[in-house]
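The values are calculated or read from the model by the stated rules, or taken from the named source; none is laboratory data. Everything quoted here is computed from the prediction, not taken from an experiment. Please note: Cβ atoms are built from the backbone with ideal geometry, for glycine as well, and neighbour counts cover all protein chains shown. Just so you know, the surface numbers come from the protein's heavy atoms only, side chains and all, with ligands and any DNA or RNA stripped out. Shrake-Rupley method; radii C 1.70, N 1.55, O 1.52, S 1.80 Å.
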Number of protein chains: 2
Amino acid sequence: MVRLLVLYNKPNDAEAFHKHFDEVVAPLAKKMPGVRRYTVSRDVMPSQSGEPYYMVAEIDWDDMESLKRDFESPEGKAAAVEAAKVSEMSPGTRSMIYEFVEV
Amino acid sequence: MVRLLVLYNKPNDAEAFHKHFDEVVAPLAKKMPGVRRYTVSRDVMPSQSGEPYYMVAEIDWDDMESLKRDFESPEGKAAAVEAAKVSEMSPGTRSMIYEFVEV
């Protein structure tokens, strides 16, 4: 499985951030045909080390090929444009992609 | 579902970091009876925003009660002690806990 992980810091304008995320980014992202699971976590609590992020979004695909196909689709390109706007509202947003396997 | 997410920066001594993680932390963490999935991702690639972390570890439980029960178990307490050592080898490690639901 392959995951896109997006870590959001506290936005300057939380209302505008959540509105754009919920009403524009999430619906577009969910249209990508290869998405296996899409989760958003808003109540992030600290654990052993460092500060928690404000919000965590995770999208899973079967494999890297499926992710790439979706990123190049019209839905994926539209989602990326709108996701960039949301990231700009949350300074220090970090996103990354990785394969994950059970240990 | 509830997830413990641990985000590691590049360790000062990668060999010692991976050795302690693989040989001590992971085996202890896997012994916690409520763990549903435990994944470690080492080949983390950048995406749209910011820098990727060096390594991502994720442990999933059915719910917060299961997580708390495991954290209070002998296996959980031992894993926490050893996990703290690994975090110290990776300055800026951030860990957090959240419930995740599909959107």
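Say we join alpha carbon atoms closer than 10 Å with springs in a Gaussian network model of chain A; which of A:22, A:43, A:60 then has the biggest fluctuation?
Residue with maximal mean-square fluctuation among A:22, A:43, A:60: A:43.
Placing unit charges on C-beta atoms (Lys and Arg positive, Asp and Glu negative, everything else neutral), compute the dipole magnitude of the protein assembly as shown about its Cα centre in debye, rounded to 20. Numbers along the way, then the final one.
On the way: 26 positive and 36 negative charges, 21 e Å.
The dipole of the protein assembly as shown has a size of about 100 debye.
Could you give the dipole magnitude of segment A:2-99 about its Cα centre, charging the beta-carbon of Lys and Arg +1 and that of Asp and Glu -1, in debye to the nearest 20? It would help to have the intermediate numbers written out before the result.
Working: 13 positive and 17 negative charges, 7 e Å.
Roughly 40 debye for segment A:2-99.
Once neighbouring chains are kept in place and the probe is 1.4 Å, which whole percent of the accessible area of the protein assembly as shown is contributed by carbon and sulfur? Write down the numbers at each step before the final one.
Numbers: 5250 of 10030 Å².
That fraction is 52 percent.
I need the P(r) histogram for chain B: all alpha carbon pairs, bin width 10 Å from 0 out to the longest distance, whole percents.
15, 47, 31, 7, 0
When the dipole is taken about the Cα centre of segment B:57-103, and only Lys, Arg (+1) and Asp, Glu (-1) are charged at their Cβ, what size is it in debye, to the nearest 20? Provide the component values of the computation, followed by the final result.
On the way: 5 positive and 12 negative charges, 75 e Å.
About 360 debye.
So, in Å, what gap is there between the alpha-carbon centers of segment A:39-92 and segment B:49-88?
With segment A:39-92 and segment B:49-88 each reduced to a Cα centre, they are spaced 21 Å.
At 1.4 Å probe size, with every protein chain present, just tell me what the per residue accessible area of the protein assembly as shown comes to in Å².
Working: 10030 Å² over 206 residues.
Accessible area per residue: 49 Å².
May I ask you to evaluate 6.51 cos²θ - 1.76 cosθ + 1.60, the Karplus curve with θ = phi - 60°, for each residue of segment B:29-39 and list the ³J(HN,Hα) values in order in whole Hz, giving x for glycine and proline?
4, 5, 6, 5, x, x, 5, 8, 8, 9, 10
Residue B:49's amide H: which non-local residues (gap 5+, or another chain) put their own amide H closer than 5 Å, with H modeled 1.01 Å from N in plane and none for Pro or chain starts?
Amide H to amide H, under 5 Å and 5 or more residues apart or across chains, residue B:49 pairs with A:95.
Taking every alpha carbon pair in the protein assembly as shown, what does the distance histogram look like in 5 angstrom bins from 0, in percent?
Each 5 Å bin holds this share of Cα pairs: 1, 7, 15, 20, 20, 16, 10, 7, 3, 0, 0.
Starting from the Cα of residue B:45, step 7 Å along the direction of its Cβ; do the same at residue A:12; then give the gap between the two resulting points in nm.
Inter-label distance under the simple model: 3.2 nm.
Rounded to whole Hz and in sequence order, give me ³J(HN,Hα) for segment B:57-68 from the Karplus expression 6.51 cos²θ - 1.76 cosθ + 1.60, θ = phi - 60°, writing x for Gly and Pro.
These are the phi-based 3J(HN,Hα) values: 10, 9, 10, 10, 10, 5, 7, 5, 4, 5, 4, 4 Hz.
Given A:10/A:30; A:19/B:10; A:10/A:31; A:31/B:10; A:85/B:30, which pairs have Cα atoms separated by over 30 Å? Could you put the intermediate results ahead of the total?
Details: A:10/A:30 24 Å; A:19/B:10 35 Å; A:10/A:31 27 Å; A:31/B:10 35 Å; A:85/B:30 39 Å.
The answer is A:19/B:10; A:31/B:10; A:85/B:30.
Per-residue HN-Hα couplings for segment B:69-76, Karplus 6.51 cos²θ - 1.76 cosθ + 1.60 at θ = phi - 60°, whole Hz, x for Gly and Pro?
Each residue's phi maps through the Karplus curve to give 4, 5, 4, 8, 7, x, 5, x Hz.
Quick check: net charge around residue B:35, other residues with Cβ under 12 Å of its Cβ, Lys/Arg +1 and Asp/Glu -1?
Values: positive: B:3, B:30, B:31, B:36, B:37, B:69; negative: A:102, B:58, B:60, B:62, B:70, B:75.
Residues near residue B:35 contribute 0 overall.
In Å² (nearest 100), what accessible area is buried between B and A, both sides summed, heavy protein atoms only, 1.4 Å probe? Can you show the working numbers first?
Numbers: alone 6730 and 6740 Å², together 10030 Å².
Heavy-atom accessible area buried at this interface is about 3400 Å².
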